[in-house]
Amino acid sequence: MTGSREVREYVRALVDAASLLMPEMSFLEQEHLRVILLDTKNRLLGMPTIYVRSTHTAIARVAEIMRAAVSARAVGMIIVDNHPSGDSTPSPEDVALTERLVEAGELLAIQVLDHVIIGRQRYVSLKERGLGF
């Protein structure tokens, strides 16, 4: 008899991260910011929604995003948000948030692996574009 083990998905590449949330987030009518939380072996710990907002609300608070990672004891995280317009081009606010999260992650020993913007059936990696990292 084998003991029961929790089986978790591994997130090894950007395409894994995008495939986890793209089907769900591509057609949302409001902007959602979610965080993919990972353990030391890049196993998925969770994907909480941190914000649901309209275009008229304030930028996400770094403390609230990092709180989710600290609570889950994550050592890695990927930020994922959608642009309801369908345009996956990163905004200046996306880049600024990424910069602040990378800095906070360094202080907390939580690596921000990427920030992914999802549009209509496409995504953009801020890390691949060298924005905020």
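The values are calculated or read from the model by the stated rules, or taken from the named source; none is laboratory data. Here the structure is a predicted model, which is why all the values come from computation and not from measurement. Cβ coordinates were reconstructed from backbone atoms using ideal geometry, including for glycine residues, and neighbour counts include every protein chain displayed.
Couple of notes before you dig in:
- Members of the range 92-103 found to be over 15 Å from Ile78 (Cβ atoms) and in contact with a helix residue (DSSP H, G or I) (Cβ under 9 Å, 6 or more places away or on another chain), listed by number: Arg100, Glu103
- Among (1) at pLDDT 95 or above; (2) in a helix (DSSP H, G or I); (3) of a type outside the set (A, V, I, L, M), the one test that Glu24 misses: (1)
- Residue match in the range 51-63 (condition: aliphatic (A, V, I, L, M), crowded, with 18+ Cβ neighbours inside 10 Å and not in a loop (DSSP other than H, G, I, E, B)): no
- Members of the range 120-133 found to be touching a Pro at 6+ places or on another chain (Cβ under 9 Å) and either part of a loop (DSSP other than H, G, I, E, B) or of a type in the set (Asp, Glu) (or both), listed by number: Leu126, Arg129, Leu131, Gly132
- Residue count for the range 64-104 satisfying the condition of being surrounded by 20 or more Cβ atoms within 10 Å (Cβ to Cβ), over 13 Å from the mean Cα position of the chain (by Cα) and not in a loop (DSSP other than H, G, I, E, B): 0.
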